[in-house]
Every structure is written in C-alpha cells, then in structure tokens.
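The values are calculated or read from the model by the stated rules, or taken from the named source; none is laboratory data. Owing to the predicted nature of the structure, the values given are computational and were not obtained by experimental measurement. Neighbour counts run over all protein chains shown; Cβ positions are idealised from the backbone, glycine included.
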C-alpha cells in the first residue's frame, strides 16, 4: 500500500511537470490514470456451540483475512436460513474490528437446522468474501403420552386400551407408568409399567419424522352381580354328606338359621345377600408417566354398561 502511494505521487508530479512544460510550449496536455487492483480476502466462520436447545444464544464469528494493522474495513451481514423458508434471520451490517473479526450474538427462534452465512462487502482496498457454517437448534428432550379417549366395558367383564409413548427431540430414557381411578369393585392394571424409549438425534432430526411410539396395555376390570342366599350359606357350611349323617343336628341348626333369616326378613324383607357389582356409569382413568424430572398425565373415560 505504501509503495502504491509513492507510485501515485510520482506519477502525479510527473504529469504536473509535463503539463507545465506542454503549456509553456503550447503542446497538448496528456493525463494518465493508474488503477490499482484490490487485495483479495478470505473469510472463515466459527461458532460458540454445536447443537443447542431452543432459546440458547449462539455467537457466530467471521474472520476476514489478511488481518493486519491496516487490514480490511467495512461490514459483514450474517444470514441464518433454516430448512423451512419461514425460518430466516439476518443481522444488521456489523463492522469489522481492527483484528478482522465480526461477531453476531443471536438466539435462533425455531427448531431447525440452519445454514449461517457471513457476507463481507469489501472496501476500497479489499474484495468481498463469504463463508458458511451449519447450526442445529433442537427442542428440549421430552416424550408424549396418549390414551384412547374412551374405553367401554360390559359390567362384570374387562376391557383394554393402548398407552402410546413417543420420544421427542432425541429423548432417551426409562418411563414408569401408573394408573388410578378404577371404579367400585373394579381394577386398573398395566402390563408393562416400565417402558424404555430410545431415539437417536441425527443431523436432520428436527425436520424428520419422530421415532415410532412404544405401547403398553391398560386393562380395566369390573365386577358383576353376585347373590348369596340362606340355603347356600347352610350347604356351604356343612355339605350334603354331613347333612345325612347329622340330620338331627342340622335340623336344629337349620331351625336357628331359618329363625334368624325370618327375623331379618321381618326387618328388611330380604332373605338373601346381593352385591350389585360395579355400578353402571362413566369413570375417569388417569395414567401418569414419569422419567426423572419429566412427568406427563393422560386420561381416558371408562364407560361401564349393563349386562
């Protein structure tokens, strides 16, 4: 650069002298121009982090070389373009430092894989240049749980439904399941209370389909109507063979039992015990899925219908 300045000064002095001489002699003045080409530059991109979770800031650094005391000046504009056309973010024109560095501190707004490009505009002495890096913005690792909205069962029988668990954003871990809310005389059971979810976060994981769901089976049982009579109680206690051998004794006991039933019949008009089983109706069944500090709850409605 210093040599170029000296050359320009020398040429200018020469042209001035030639002009004076030609004017004195009445000759035509000839003007000369000197074009000096711009020095080339190269750009190198760096970043403060690899894949980050959404909401985390990343610093992108663009280094313009040569970086000397009187190196490139001017500005650099950064552009982050995701695979989705709507995910494009650009910086303002950022000035280059005396060391030839430019930094863009940005929080990319959406889950995506971005191509971040830095474009240097050049100046009077240096040509423009550009460079790029790739940056992944991932979501927080999680999982989802889904139950069928309703499960119907006939009173006294059992029914089942699938619990669907899906890993999200590269989730890997063990999920523990528990259910509650079974109706009167009913039960709630899960065939596999511990489920392992596995997912590999690939470079394009945020734009590809999530892994297939893992399922566990939820079984809901109900109770039917049961009836116990006085005669059934009597034979259940002694049996038919015993009745033949101890007729006299049984007649006495039977008389006492019948007398007791008769007395209770006077009070309640019922001579038998009846259990109506699980009442017909709708019940909310809750399934809780837990993995470390992550916990999700899902519900289904159990509809118990009459026999």
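Points to keep in mind about this one:
- Condition met for residue 128 (more than 24 Å from the chain's Cα centre (by Cα), over 27 Å from residue 214 (Cα atoms) and outside the structural domain of residue 176 (by TED's automatic domain parsing)): yes
- Residue check for residue 216: within 30 Å of residue 156 (Cα to Cα), surrounded by 11 or more Cβ atoms within 10 Å (Cβ to Cβ), at pLDDT 80 or above and within 18 Å of the chain's Cα centre (by Cα): no
- Test: residue in region 131-142 that is more than 30 Å from residue 85 (Cα to Cα), in contact (Cβ under 8 Å) with a residue 60 or more places away in the chain and not in a strand (DSSP E or B): no
- Residue that is closer than 30 Å to residue 299 by Cβ and modelled with pLDDT of 85 or more, where the choices are 79, 146: 146
A quick yes/no check of all residues on (1) at pLDDT below 90; (2) over 30 Å from residue 113 (Cβ atoms); (3) surrounded by 14 or more Cβ atoms within 10 Å (Cβ to Cβ):
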residue	(1), (2), (3)
173	no, no, yes
178	no, yes, no
205	yes, no, yes
210	yes, no, yes
221	no, yes, yes
224	yes, yes, yes
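- Evaluated against (1) within 31 Å of the chain's Cα centre (by Cα); (2) outside the structural domain of residue 219 (by TED's automatic domain parsing); (3) crowded, with 17+ Cβ neighbours inside 10 Å; (4) in contact (Cβ under 8 Å) with a residue 24 or more places away in the chain, residue 91 falls short on exactly one condition, (4).
- Among (1) touching a residue at least 60 places away in the same chain (Cβ under 8 Å); (2) farther than 13 Å from residue 135 by Cα - the single one residue 50 does not satisfy: (2)
- Restricting region 284-296 to residues that are touching a residue at least 24 places away in the same chain (Cβ under 8 Å) and closer than 15 Å to residue 167 by Cα, the residue that is surrounded by the fewest Cβ atoms within 10 Å (Cβ to Cβ): 292
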